[in-house]
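The values are calculated or read from the model by the stated rules, or taken from the named source; none is laboratory data. Note that the structure is a prediction, hence the values are computed from the model and not measured. Note that each Cβ is placed from the backbone with ideal geometry, even for glycine, and that neighbours are counted across all protein chains shown.
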Amino acid sequence: MNIPTLDTSHINYEDVYEPAEDSYLMLDVLEKQLKELKPPTICVEIGSGSGVLIGGVASALGSVNAAYFATDLSPLACIATVQTGNTSSVPLNVLCTDISFGLDRLKGSVDILLCNPPYVATPFEEITAYKDDLIKASWAGGPRGRNVTDKVIRLCKDLLSPVTGRAFIVLEQCNDVDSVMEFTTEEVGLKADICGERKAGRERLYILRVSNEIS
């Protein structure tokens, strides 16, 4: 299944996180994964930014049997996601909120969950300092770069469909991938593996795949 890279020329990247190697790695992984998974009916992206991930998936799968939801803390990112979705002719339900607040009705029904979180390791104080600078908040991840990542992994327990649900989350080596895997399996009680990896400049990126299936 080919996932198109959507036009984002309408976006001002001074205000919204620009798609980069992390986004493109995720798209490459999703192209392979969607061929193997049962066609999803509910797809969610947490922290949608430009909207290229959820918009690309929506464009590839269509809207006949699936609904697409996206959240972002930044109002400008939410607008960008809506506009990007419009280029794919597939409606996106976009909610301006912190992580997944307001998505309670989707509990246990999400087939595909996507997240490219702020993963750069920064002092925790920088997260608070960036509360009024949302473009910086899009990459500042706190100690080990996991302030958002760990929260999203915990949410997977409630949001993912028990059988078909899969989450795909971007990690960087500074996040301590082995520790993330242990946290996911031992503390949260989910299945986890790495389904994609790429070197991008000084970063080594990974895609963490999470599901409710415990082997």
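A compact table of results
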item	result
Condition met for Ser48 (in contact with an Asp or Glu (Cβ under 7 Å, 6 or more places away or on another chain), assigned to a loop (DSSP other than H, G, I, E, B), over 15 Å from Gly196 (Cα atoms) and of a type in the set (Ser, Thr, Tyr))	yes
So Thr84, is it surrounded by 21 or more Cβ atoms within 10 Å (Cβ to Cβ) and in contact with a His (Cβ under 8 Å, 6 or more places away or on another chain)	yes
Residues located in region 75-91, provided they are hydrophobic (A, V, I, L, M, F, W, C) and more than 15 Å from the chain's Cα centre (by Cα)	Leu76, Ile79, Ala80, Val82, Val90
Top-ranked residue of region 142-158 - restricted to ones that are buried (at least 22 other Cβ atoms within 10 Å of the Cβ) and touching a helix residue (DSSP H, G or I) at 6+ places or on another chain (Cβ under 7 Å), ranked as modelled with the lowest pLDDT	Gly145
Region 162-215 - residue that is assigned to a loop (DSSP other than H, G, I, E, B) and touching a strand residue (DSSP E or B) at 6+ places or on another chain (Cβ under 7 Å) and, of those, nearest to Ile54 (Cα to Cα)	Gly165
Qualifying residue in region 60-67 (condition: modelled with pLDDT under 95, crowded, with 18+ Cβ neighbours inside 10 Å, farther than 17 Å from Leu159 by Cβ and more than 13 Å from the chain's Cα centre (by Cα))	yes
Members of region 137-160 found to be in contact with a Gly (Cβ under 8 Å, 6 or more places away or on another chain) and either among the basic types (Lys, Arg) or in contact (Cβ under 8 Å) with a residue 60 or more places away in the chain (or both), listed by number	Ser138, Val148, Lys157, Leu159
Long-range neighbours under 7 Å by Cβ, at least six apart or interchain, first residue on the phi > 0 side of the Ramachandran plot within region 95-108, second among the aliphatic types (A, V, I, L, M) and in a strand (DSSP E or B)	Ile99/Ile46; Gly102/Leu95
Residue satisfying condition, being under 17 Å from the mean Cα position of the chain (by Cα), under 20 Å from Asp22 (Cβ atoms) and acidic (Asp, Glu), within set Asp158, Asp193	Asp193
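This table checks each residue for (1) touching a residue at least 24 places away in the same chain (Cβ under 8 Å); (2) in a helix (DSSP H, G or I); (3) within 15 Å of Arg166 (Cα to Cα).
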| residue | (1), (2), (3) |
| --- | --- |
| Thr8 | yes, no, no |
| Val16 | yes, no, no |
| Val29 | yes, yes, yes |
| Pro40 | yes, no, yes |
| Cys78 | yes, yes, no |
